[in-house]
Each structure stands twice: as C-alpha cells, then as structure tokens.
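Below is one structure, written out as structure tokens, with a few remarks after it.
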Amino acid sequence: MESHLSIDEVAKRTGLSAHTLRYYERIGLIAPVARAAGGQRRYAASDMAWIEFLLRLRTTRMPIGKMQTFAKLRGAGDSTVKDRRQMLEGHLTDVLAEIEAMRQAASALQSKIEHYRSLEQPSAPDSIYEEGHADERQR
C-alpha cells in the first residue's frame, strides 16, 4: 500500500464517503490527518489501520459516542490500555449477547418457515378412495 493516500483513495478502499471521513476527523474519531503542501489530507498506513478498526466497531453497532470515548482513550496513550481493554470486553459481551439473541430469533423464524411450508403441502390422501375413486368403493 502506498504510504500516503488521498481522501478519495481512502474512501474507495473503505467504502466511507469523503464527507464521512472528514466528519470522523472533526468529531475526534480520527486524529488530525497529515496534510500535503496544498492542504490535502494524506492518510498513512496507521490511519488506515485505525479506520479499519473503527469500521469493525461500527459493524458491531458500537454507538458513535462510545467510539469517541475509545478514540480519546487511545489518543491519551499507553496509560489507558487497561481502560480500553475493559471497554472492549464490555462491548464484546454486548455483541455476543446480541449474536445469541439473533441466533434465537433466526431459529424461531426457521421454525415458522417450516410450519408454513408444511401448511402449503397438500395433504396425503388417507386412502385411494379419497382421490376420486368412488366408483371403486361401490364394487
């Protein structure tokens, strides 16, 4: 990977818009990014790694306020390692609980789908006479 990417290149690689990247910088999720001589943002590999981690947090539905708290702790340095670990452990507990709730919901959906499939199937006849062979019954 190139050592310094433009905001458009980062947007393409991450799926975030340039507007979102600037917003993340403005609210403190991303530390101020280095600038080229003309003032354009230039993202380093370390910026990209951090953005990728933010995307993982976003995927896990971490609220933006908690992401900001985590980013502030990260910016404060090594003295906050324990706090960051504890924060991530708490979030992981929430994520695992949500995964379990979703698993149970998916199982309930699957059961309901199977129920509806069974209702869609025509009933098997009890005997050949129920299939319109009344004339055979009379013989």
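Side notes on the structure shown:
- Every listed requirement among (1) part of a helix (DSSP H, G or I); (2) open to solvent by 50 Å² or more (accessible area, probe 1.4 Å); (3) over 22 Å from residue 94 (Cβ atoms) is met by residue 37 save one, (1).
- Set 96, 119, 73, 92: member being assigned to a helix (DSSP H, G or I), closer than 30 Å to residue 9 by Cβ and hydrophobic (A, V, I, L, M, F, W, C): 73
- Residues of the range 44-89 that turn out to be at positive phi and open to solvent by 50 Å² or more (accessible area, probe 1.4 Å), as a count: 1
The values are calculated or read from the model by the stated rules, or taken from the named source; none is laboratory data. Nothing here was measured: the structure is a model prediction, and the numbers come from that model. Here Cβ is always computed from backbone atoms with ideal geometry, including for glycine, and neighbour counts include all displayed protein chains. Ligands, DNA and RNA are stripped out before the accessible areas are found, and what is left, the full protein with its side chains, is counted by its heavy atoms. Shrake-Rupley method; radii C 1.70, N 1.55, O 1.52, S 1.80 Å.
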